[in-house]
Amino acid sequence: MKVLEVKDYHEMSSIAARIIIGKVQSKPDAKLGLATGGTPIGLYKELIQDYRSNGTSYESVCTYNLDEYVGMDPEDPNSYRYFMEENLFAHINVPESQIHIPDGTAVELEAECERYDLELNRGEGVDIQILGIGSNGHIGFNEPGTSFSSHTHIVKLAETTRKANARFFRRLEDVPTQAITMGIASILKAKQILLLVSGINKAEVMKQLLTTDEVDEQLPASALKNHPNVTILADEEALSLVKNADLKT
Ligand code: PGA
């Protein structure tokens with residue numbers, strides 16, 4: 001894993017945007033793996049800005065999101081489908097038919113997991129996967145203890161995750177208890193992975209991830225150590241408990 005320390009959220013977002021834009025320019029039909037949450041919003045703002053000023057085209061791009069809440073209608077403002085529409089898709093020219101997000105309202109959830117994996121595995125793999133990290137080390141909604149050989153699957157959300165995400169809801173009770181998520185093995189199939197990390201709330205998990213060689217299912221993000229092309233773009237606050245001398249990547 002390559003760790004790139006950046007000053008702050010703004011710098012993290014603009015460097016990530018440059019990487020994504022560079023990929024889309026060199027490969028107009030790139031497959032982009034996208035994430036939700038507070039972390040990638042700045043990146044998406046930069047992509048929109050660039051689309052407006054420079055016209056980078058997403059006409060041939062395909063997007064694949066990591067996860068969706070179970071039972072959440074795509075029209076619900078708390079759904080990840082809605083989040084992506086608001087924060088990115090409505091503002092760039094990616095065709096609707098090239099957008100992929102798991103369907104949290106599917107009646108047959110297992111069949112939906114299989115369908116999503118088939119979509120992901122069609123043709124070449126994802127070119128760049130954007131990831132955030134939970135303070136418990138989750139990537140996507142793969143909570144601690146998830147098998148590293150997992151493909152798209154249904155998860156019960158950790159209480160810490162529900163509490164962290166409650167800020168997007170009216171009340172904690174409104175936060176769903178289950179989600180459908182790409183598994184660790186599905187994520188690791190991407191050719192390149194960009195993990196974005198910002199803020200003091202992530203300092204402890206970055207210390208856990210970066211100061212040992214251990215690859216352990218209790219720390220889902222440690223699976224990234226098995227991937228040949230991972231860049232961590234983390235800001236000063238997120239790396240504040242890691243000294244350069246301690247880095248084990
Ligand atoms: P955040 O979430 O970007 O809102 O911090 C990251 C995650 O839980 O994966």
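Which of the residues that make up segment 128-169 are away from the ligand (no atom under 16 Å from the Cβ) and closer than 20 Å to I41 by Cα? Selection gives I128 alone. Evaluated against (1) within 15 Å of the ligand (Cβ to nearest atom); (2) loosely packed, with under 14 Cβ neighbours inside 10 Å, I232 falls short on exactly one condition, (2).
Considering only residues in segment 18-41 that are of a type in the set (A, V, I, L, M) and within 16 Å of the ligand (Cβ to nearest atom), the one that is farthest from G55 (Cα to Cα) turns out to be A35.
Of all the criteria given as (1) closer than 27 Å to A30 by Cα; (2) part of a loop (DSSP other than H, G, I, E, B), the one not satisfied by N78 is (1).
When every residue of segment 59-71 is checked against the conditions, none turns out to be among the aromatic types (F, W, Y) and not in a strand (DSSP E or B).
Being touching a residue at least 40 places away in the same chain (Cβ under 8 Å), more than 10 Å from the ligand (Cβ to nearest atom), surrounded by fewer than 21 Cβ atoms within 10 Å (Cβ to Cβ) and outside any helix (DSSP H, G or I) is a property that I180 lacks. Scanning segment 79-97 for residues that are in contact with a helix residue (DSSP H, G or I) (Cβ under 6 Å, 6 or more places away or on another chain) and surrounded by fewer than 21 Cβ atoms within 10 Å (Cβ to Cβ) returns N87, H91, I92.
The numbers here are math on the coordinates, done by the rules we state, and not lab data. Fair warning: this is a prediction, and the values are worked out from it, not measured in the lab. Note: ideal-geometry Cβ built from the backbone for every residue, glycine included; neighbour counts use all protein chains shown.
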